[in-house]
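J.: To start, I am sharing the structure in question, which I have written as structure tokens.
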Amino acid sequence: MKTIAIDIDDTLNDFSETLAAMEFTYDEKYGLDQETFKKYLHWIKTEMPDGERKNKELVKLRLTLHREIYKAAKVKPGASEFVQWLKSEGWRIVIMTYRDLRYVLEDTKDWLQENGIPYNYIFSTEDKTSMCNVWGINYLIEDSIREVVIAPEFDIQVFYPIMQKHLDMEFETKAIGYSNFKELKQCIA
Amino acid sequence: MYSLKVELLKKFYSTMDRTVMKLEAKDYGFDFLDTILNPITGTQLDYAEIKGNIPKYKLSNLHPKVYDYFLKCHIEQSCNVCGYFDKLQNNVFVFNIDGTEKKEGDELAEDVKVAGGIITKYLRKVNIEPLVVLSGRGYHLWCRMTEPVDNEVLADFILRVIVRTLATMENSGFDKKKVNISKYPHDNEQQNCSLRLFGSKHVKNQVFSHIFHPTQGALSEADSWAYFKEHMDNQSITPEHLTDAMEKLKGTYFEVERRA
């Protein structure tokens, strides 16, 4: 059986756009003072400084805010139909995410169901290339630069939704970019 | 022998949710999933994850016999079962102490050992003898109750001990940032974190979860099982004892020998 791994955030949904557009107002429930909240929110919306990646307060706030985004993000046009098509073609579908499913499994499952996205399994990992490699998954749909560059080196066929970050990418890749799911379907069919 | 140990584990962790578990195994792949997700038993895979090269499987809808089967595998050392705490009340609570920095070999970081020692000291002050179990990079300090107690009460008690421990560490020149102390169960209804049960070898480093005896130090595997039972029979505390301990802890603070 052919198996394909599919990322969620910025692949099936518009995570980054929703995050950029959503306004979060300060609330004492976050357990931070207003200035810290503002600083952390900026990092969450832009980029986390390397030295702050183990900052527990920051990680907790990011998880809290990301949960809101996971619920609010919209499915990309054609995504549901594309995954349904894969299912009808007999593919084994693995939803492969960086999300910490200890905390957001139900949100994730609800979103997939509400948007009519079928799947066989949900996998969570910080290293999708290794997980695909070890599990014998030869196809990956993914936006992350890291996987787009590295995974093809392990004979994993990667398809990525072309975003600005890919246009700015300094690395060469054998991965295939696509503009919409119709185009992706043509690549895979 | 295995069935006795299975029953011991079930008795010790009697309030854990036996319809779910996280399974840590060396095995992986879709054929392996087909094996453990046999449709006759109804076992479901909520998700699989790889962290630190160990495949982990969050399983749900477990039939009691399937739960027992995996406990047997846990005892036979072919996998690790991590249990989920009840969402409201539990008969066990745990201080999970880990080092935040990677160390070479099996040696635990000094700050981790110090933290474990200080927590034990605070618990003994209020007449609680923890069951100290070697985990991967630190210790699990299990405390068992004779009856289930609300998670909020348990979490409150644990937090009071942790706060005192970190203060003692800081004032004695130890680096509390090198230690991560987490509490189980949590103080909210979302008990979504699991913890490895006593009695298996760690899937990654193949080290058995040895128990540290209060006077004899690290015990052998056989002696660890014997002490596990002895501790359950003799050291489980009543809810009244916990209430009393909460009171006694007020105003209690230790200094320890400063780091050289």
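A short reminder: the numbers here are calculations on the coordinates, not readings from a lab. Model, not experiment: these values are computed from the prediction. So basically every Cβ, Gly included, is an ideal-geometry build from the backbone, and we count neighbours across all protein chains shown.
J.: Using +1 on the beta carbon of Lys and Arg, -1 on that of Asp and Glu, and nothing else charged, what's the dipole of the protein assembly as shown about the Cα centre, debye to 20?
T.: Value, rounded to 20: 760 debye.
J.: Cα extents of the range A:16-72 along the three principal axes, largest first, in whole Å?
T.: That gives 27, 26, 15 Å along the principal axes, largest extent first.
J.: Two decimals is fine: what is log10 I(q)/I(0) at q = 0.11, 0.14 Å⁻¹ for the range B:75-217, from a Debye sum with one equal scatterer on every Cα and no solvent?
T.: Log10 I(q)/I(0), no solvent term: -0.40, -0.67.
J.: Place +1 on the Cβ of every Lys and Arg and -1 on the Cβ of every Asp and Glu in the range A:94-152, take the dipole about the Cα centre, and give the residue among A:VAL134, A:VAL149, A:TYR103 whose Cα lies farthest towards its positive end.
T.: Sorting the options by dipole projection puts first A:VAL134.
J.: Can I ask one more? For the range B:17-84, build the convex hull from the C-alpha positions and give me its volume per residue in Å³.
T.: Normalising the Cα hull of the range B:17-84 by residue number yields 80 Å³.
J.: Please report the Cα spread of the range B:115-182 along all three principal axes, rounded to whole Å, starting with the longest.
T.: 38, 24, 20
J.: Please report A:THR46, A:THR18, B:THR146 as a ranked list, fewest other C-beta atoms within 10 angstrom at the top and most at the bottom.
T.: A:THR46, B:THR146, A:THR18
J.: Mind checking the log10 I(q)/I(0) for the range A:1-146 at q = 0.13, 0.16, 0.17, 0.21 Å⁻¹? Debye, one equal scatterer per Cα, no solvent, two decimals.
T.: Values, matching the q order: -0.63, -0.91, -1.00, -1.37.
J.: In a Debye calculation with equal point scatterers on the alpha-carbon sites of the protein assembly as shown and no solvent, what is log10 I(q)/I(0) at q = 0.07, 0.10, 0.12 Å⁻¹?
T.: Relative scattering, expressed as log10 I(q)/I(0), comes to -0.41, -0.83, -1.14.
J.: Using the beta-carbon distance between B:TYR253 and B:SER78 and R0 = 35 Å, what value does 1/(1 + (r/R0)^6) give for FRET efficiency, to the nearest 0.05?
T.: 0.20
J.: Another one. Out of the DSSP beta bridges found with both residues in the protein assembly as shown, what percent are antiparallel (nearest 5)?
T.: 70
J.: What does the convex hull of the alpha-carbon atoms of the range A:127-189 project to on average, in nm²?
T.: 4.1
J.: Over all directions, the average projected area of the alpha-carbon convex hull for chain B comes to how many nm²?
T.: Mean shadow area of the hull around the Cα atoms is 13.8 nm².
J.: Work out, step by step, the length gained on full extension between A:ASN133 and A:VAL59: first 0.36 nm times the residue separation, then minus their alpha carbon distance; give nm to one decimal.
T.: 23.8 nm
J.: What is the distance in Å between the Cα centres of the range B:1-30 and the range B:133-183?
T.: A separation of 24 Å, based on Cα centres.
J.: Evaluate the distance, in nm, between pseudo-label points positioned 7 Å from the Cα of A:ASP110 and of B:GLN44 along their respective Cα→Cβ axes.
T.: It works out to 1.5 nm between the two label points.
J.: Here is a follow-up. Take chain B, connect every pair of alpha-carbon atoms lying under 10 Å apart with a spring to form a Gaussian network, then pick out the residue of B:VAL179, B:VAL94, B:VAL207 with the largest mean-square fluctuation.
T.: B:VAL207
J.: What average count of beta carbons from other chains do you get within 10 Å of the Cβ of residues in B:43-49?
T.: 6
J.: Quick one: among B:LEU23, B:LEU37, B:LEU134, which has the greatest mean-square fluctuation in a GNM of chain B with alpha-carbon springs under 10 angstrom?
T.: Taking springs between Cα atoms under 10 Å, the residue moving most is B:LEU37.
J.: Provide, in order from the shortest bin, the percent of all Cα-Cα pairs of the range B:150-189 in each 5 Å bin, continuing until the bin that contains the maximum pair distance.
T.: For the range B:150-189, the pair-distance distribution reads 6, 24, 27, 17, 14, 9, 3, 0.
J.: A further question follows. Put +1 on the Cβ of each Lys and Arg and -1 on the Cβ of each Asp and Glu in the range B:22-132; which of B:PHE32, B:LEU45, B:PRO130 then has its Cα farthest toward the positive end of the dipole?
T.: After comparing all options, I get B:PRO130.
J.: Using modelled amide H (1.01 Å from N, peptide plane; none on Pro or chain starts), what sits under 5 Å from the amide H of B:THR15, excluding residues fewer than 5 places away?
T.: The answer is B:ASN91.
J.: Which value results when the Cα radius of gyration for the range B:1-126 is divided by 2.2 N^0.38 Å?
T.: 1.24
J.: Between the DSSP loop rule and a limit of at most 14 other Cβ atoms within 10 Å, which GluC sites (Glu not before Pro) in the range B:1-103 are left?
T.: B:GLU76, B:GLU101
J.: How big is the dipole moment of the range B:89-249 about its Cα centre under a simple scheme where the beta carbon of each Lys and Arg is +1, that of each Asp and Glu is -1, and everything else is neutral? Debye, nearest 20, please.
T.: Charge dipole, the range B:89-249, about its Cα centre: 420 debye, nearest 20.
J.: Still on this structure, please answer the following. Pick out, in residue order, every one of the GluC sites (Glu not before Pro) in the range A:148-189 that is DSSP loop and has at most 13 other C-beta atoms within 10 Å; say none if there are none.
T.: A:GLU170, A:GLU172
J.: While we're looking at this one, here's another question. Label-point separation (nm) for B:ASP244 and B:ALA222, each offset 7 Å from Cα along Cα-to-Cβ?
T.: Inter-label distance under the simple model: 3.7 nm.
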